[in-house]
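FYI, it's all coordinate maths here, none of it is from the lab. Bear in mind that the values here come from a model prediction, so they are computed numbers and not experimental data. Cβ sites come from the backbone with ideal geometry, for glycine too, and all protein chains shown count toward neighbours.
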């Protein structure tokens, strides 16, 4: 399944011009840039200021050959924030020893204490990792887009997506098997997801906790991050979350643009058709077709009129 295919951002997809110099764990806290190399992934650091974003790869970033920049590097740099990119060499949901070992090693050496604010961010596979590893950095905030709580079918039998990479991973043994177990230790988290995606809704239910706020982005699909990016709402959102630990009016103001996106409109039409709301579906298709030529809207309109002749007769009067 290719549900993660658009989770990356074109700005972050370009190969990096230069990689930071390799370093050891002991030397890393005093450096302005470093690369901690591991068997299953790397940690890529760039210092810019007292706010640190720790970002995690997702399936889409892993389609880009290594060496590559960390996820959201360009966005974080543009805001003047420091970056620690946690990179994986496989589509493994960070079910590996490298990432938690290196993060724990930095924590033990006082690396994260240098920053006023630490935000862990990721989408889907990266959102799972951001929540899962947050307890390793006490006081860190989490911003997760469409995260899974676990890919263990014993724990989450509703999750049947991404079968190829999932079947290659160990989803039996601890630690870091279930992000829901990390939630009680997370001070502040915002989780964005589409409640009309059954699997994402079920994962969100498992991730509820006192410090968790849910932001429901209807008709975003599993690619909630992509809809935020295309609505030009991401930079303000990152700044707002870094400064306040929440998202608010500025984000929602920018997100209004999503209703002009073809992907949002297609998802809305599909949802109305699936939920059997013929009148609402017809009204939505008419509105869209008055503004542009949308094949999916024309097809849905034709089908609803064929299936509901009373609506067609009413229009013919």
Output the relative contact order of the chain, whole-number percent, from Cα pairs under 8 angstrom with separation of 6+ residues.
13 percent
Per residue, the convex hull enclosing the alpha carbons of the range 74-121 has a volume in Å³ of 90 Å³
Once you sort the root eigenvalues of the Cα gyration tensor of the range 10-258 as a ≥ b ≥ c, which label holds: rounded (a/c under 1.5), prolate (a/b larger than b/c) or oblate (the other case)?
rounded
With the contact rule set at Cα under 8 Å and sequence spacing of 6 or more, what percent relative contact order holds for the range 18-145?
27 percent
In a Gaussian network model over the chain where Cα atoms closer than 10 Å are linked, find which of 49, 105, 253 has the largest mean-square fluctuation.
253
Give me the one-decimal nm value for the distance between modelled label points at residue 232 and residue 24, 7 Å along each residue's Cα-to-Cβ direction.
4.9 nm
Label point distance in nm, residue 287-residue 74, each placed 7 Å from Cα along Cα→Cβ:
3.2 nm
Taking only Cα atoms and a 10 Å spring cutoff, compute GNM fluctuations for the chain and point out the largest among 55, 150, 172.
172
Could you let me know the centre-to-centre spacing of the range 212-277 and the range 73-140, using Cα atoms, in angstrom?
24 Å
What are the principal axis extents of the Cα atoms in the range 262-316, in Å, biggest first?
30, 23, 14
Which of 72, 237, 125 moves most in a GNM of the chain, Cα contacts under 10 Å?
237
